[in-house]
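Worksheet for the structure shown next.
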Amino acid sequence: MVCWLPLSGLANTLTVAYRDHTGAMSSATKAIVERVFDSVDPQIELAWIEMPLARAENALAKGIIDIDFGRTRLVYQDTPQALYPSESLFSVGYHLFGHTYVGNPQDYQRVVGVIGDQVAQMIADKYQWEMVGARSERAALNMVNSNRVQAMVAYVGVASIIEKEQLTNVRMGDNPIESIPIYFAIHQRHQALLERLDASIGKMKKSGEMAALLEKHGATY
């Protein structure tokens, strides 16, 4: 178990929750968040903590961690302790991952998503799918690979797991079924940083630095 309580007490160290990804999108997002905070204050150190979706939400609400990255505005809409910069980092496509082929969204009835992924649930509600919950992207993709569900709905970065895990029966749809703005959420005790964070993110977008970092890490979005 990671011991992260002492870290959040250090004056210049902010703890950041991230998911169990080793793909390009995770690497790109980490690089972007580090660059954003370095621009705001070079004295700020970021301590990265691997944490599942639901656990991260609880930890940020309680103030145990400082930042949760790679989230949408759906996640903390009922959590007053969590604040979002006005500027999104970028937008990502949510795709269907099917068994041997990918059809139209209307063709599916039973689809898996990661527990705590509210975008996946929103899409499932839109298409009136039966949503099955899995604890991780790998677990969900394995369910598709073994044909226990018809498909998975997830953001495009999950595609990197398919080849790594040799999931030969899984195919990703060519086109996203939704495009979703991605943010990081920060605990309200750091509210004074929001204006500078927005300025930093906006400047990186305008200069092309944001797109360059995504490209450098091979992130598809």
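The values are calculated or read from the model by the stated rules, or taken from the named source; none is laboratory data. Please read these numbers as outputs of a predicted model, since none were measured by experiment. FYI the Cβ positions are ideal-geometry reconstructions off the backbone, even for glycines, and counts take in every protein chain you see. With ligands, DNA and RNA removed, areas are computed over all heavy atoms of the protein, side chains included. Shrake-Rupley method; radii C 1.70, N 1.55, O 1.52, S 1.80 Å.
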Is it the case that segment 80-93 has a residue that's over 30 Å from ARG196 (Cα atoms), under 20 Å from the mean Cα position of the chain (by Cα) and surrounded by 21 or more Cβ atoms within 10 Å (Cβ to Cβ)? no
Let me confirm something: among ILE115, ILE161, which residue is hydrophobic (A, V, I, L, M, F, W, C), in contact (Cβ under 8 Å) with a residue 24 or more places away in the chain, surrounded by fewer than 21 Cβ atoms within 10 Å (Cβ to Cβ) and more than 25 Å from SER86 (Cβ to Cβ)? ILE115
Name the residues in segment 177-197 that are assigned to a helix (DSSP H, G or I) and within 20 Å of ALA17 (Cα to Cα), would you? GLN188, ARG189, HIS190, GLN191, LEU193, LEU194, LEU197
Take the residues of segment 81-95 that are of a type outside the set (A, V, I, L, M, F, W, C), touching a helix residue (DSSP H, G or I) at 6+ places or on another chain (Cβ under 7 Å) and in a loop (DSSP other than H, G, I, E, B): which is farthest from VAL119 (Cα to Cα)? GLN81
Tally of residues being within 22 Å of the chain's Cα centre (by Cα) and either modelled with pLDDT of 85 or more or hydrophobic (A, V, I, L, M, F, W, C) (or both) across segment 2-38: 21
Test ASN142 against the criterion of being farther than 21 Å from THR29 by Cα and either surrounded by fewer than 18 Cβ atoms within 10 Å (Cβ to Cβ) or β-branched (Val, Ile, Thr) (or both), and give yes or no. no
Just checking, does segment 53-70 include any residue being among the hydrophobic types (A, V, I, L, M, F, W, C), surrounded by 16 or more Cβ atoms within 10 Å (Cβ to Cβ), out of contact with any helix residue (DSSP H, G or I) (no Cβ under 6 Å at 6 or more places or on another chain) and at pLDDT below 90? yes
Looking only at segment 96-105, decide whether some residue is touching a Ser or Thr at 6+ places or on another chain (Cβ under 9 Å), part of a strand (DSSP E or B) and open to solvent by 10 Å² or more (accessible area, probe 1.4 Å). yes
Among the residues of segment 123-137, the number that are closer than 21 Å to GLU178 by Cα and touching a residue at least 60 places away in the same chain (Cβ under 8 Å) is 2
Restricting segment 119-154 to residues that are in contact with a strand residue (DSSP E or B) (Cβ under 9 Å, 6 or more places away or on another chain) and among the polar types (S, T, N, Q), the one nearest to LEU53 (Cα to Cα) turns out to be SER136
